[in-house]
Amino acid sequence: MDFPLIRMRRTRRTEALRSLVRETRLEPGQLIYPLFICSGEGVRKEISSMPGVFNLSVDEAVKEAEEAAQLGLGGLLLFGLPESKDEQGTGAWDDHGIVQQGLRALKANAASKRLVLIADVCLCEYTSHGHCGMVVETADGYDVENDASVDILGRTAASLAKAGADVVAPSDMMDGRVAEIRRALDDEELEQTPILSYASKFASAFYGPFREAADSAPQFGDRRSYQMDGANVREAMREIELDLGEGADMILMKPAMPYLDVIRAARDRFEVPMGAYQVSGEYSMLQAAFAKGWLEPERAMLESLIGIRRAGADFIVTYFAKDAAKVL
Ligand code: PBG
């Protein structure tokens, strides 16, 4: 019952046929666009390692949100660049912090109501040492303290939700933070605010350009004592299971392209909404190849995104969100 009875090419003949048998679709509403909010007015500062991505002051972020809403994007993921940093990352949970200001401005803007406003919950942009939690000195160097950090992350999530975040997304990888964030939100009568947990987050070289964008590179050491080892898929499943047990409503997988098998494993195992983050390095790598004329921008961008959807992600956080929506 093979060839010539069966000819696979029959359904590939025209675009109409190809569209009919297409198994995976990509829609603007499945894309989340990250924004980096900084202080000032009229600021639009391009990130050198991420062409087309900017640090934006609140007024410019509002303009960006209007465009995102017009393009039909699913939402925005907000990061902040505070004016000053300290050991405790106080800027993260300051009710007048930079992302909190951004959220209030976005909430006051009619167009943004069509977008899901997701606030990244982490301390690395706010701590002087650049780690995602509290640092203490130990006999053999330093440690990123888990439980003290979790406490502060809870406070941060509550502050961001009060300022208007529709969803809070912890990306710090401390143990037990989802439970504490849930408690902190419920204490403030924010029991309807969902938690999108970066449950599966690997210690990745592909975050490099982000650290320029968010000015969040660790000043010493690295993140390998809290982010996962890139070799482990079973451990990722356990992280997800624990976060769901603690009350996570949705999970985020990160990075995407080097970890498509992990996304697939999670899809097969967990019946929850799942996003994947096509991180800064994935974007910059493609942009570099586009600049050299080595890859066709539109096709390579769409192929990278459909691959992530095919692996099982319901939605994708991507710096290509606007470009992709324009093509779609
Ligand atoms: C904060 C955070 C990072 C990213 C998202 N949230 C950086 C990191 O963990 O070092 C990376 C996103 C990207 O590379 O686009 N912890």
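A short reminder: the numbers here are calculations on the coordinates, not readings from a lab. Being a predicted model, the structure only gives us computed values, none of them experimental. Using ideal geometry, Cβ is built from the backbone for each residue, glycine included, and neighbour counts are taken over all protein chains shown.
Cα-Cα over 27 Å: which of LYS63/LYS162; LYS107/LYS201; LYS254/LYS322?
LYS107/LYS201
Under Stokes-Einstein, with the Kirkwood radius over Cα pairs as Rh, the value for the stretch 88-213 at 25 °C and 0.890 mPa s is 162 µm²/s. The fewest-to-most ranking of PHE206, PHE220 by surrounding Cβ atoms within 10 Å reads PHE220, PHE206. Based on alpha-carbon centroids, what's the gap between the stretch 214-284 and the stretch 1-60 in Å, whole number please? If we compute the Cα centre of each part, the gap is 20 Å.
Under the shape rule built on the C-alpha gyration tensor, where the axes satisfy a ≥ b ≥ c, the stretch 131-170 is prolate, since a/c reaches at least 1.5 and a/b is greater than b/c. Counting other Cβ atoms within 10 Å as a rough exposure proxy, the listed residues MET285, MET174, MET253 run MET285, MET174, MET253 from fewest neighbours to most. With the alpha-carbon atoms of the stretch 1-65 aligned to their principal axes, the span from lowest to highest coordinate is 68, 24, 17 Å, starting with the largest.
Taking the Kirkwood radius as Rh and the Cα radius of gyration as Rg, the stretch 1-116 has a ratio of Rg/Rh equal to 1.27. With neighbour counts taken as other beta-carbon atoms within 10 Å, the residues SER112, SER200 rank, fewest first, as SER112, SER200.
Listed by chain and number, the aspartates and glutamates placed with their C-alpha closer than 17 angstrom to that of LYS326 are GLU27, GLU64, GLU66, GLU67, GLU296, GLU298, GLU303; residues fewer than eight positions away on the same chain are left out. Ellipsoid fit via the Cα gyration tensor, the chain: semi-axes of 33, 23, 20 Å, each the root of five times an eigenvalue, largest first.
For helix 177-187, report the angle its Cα long axis makes with the longest principal axis of the Cα atoms of the chain; keep it between 0 and 90° and round to the nearest 10°. Long axis of 177-187 versus the principal axis of the chain: about 70 degrees.
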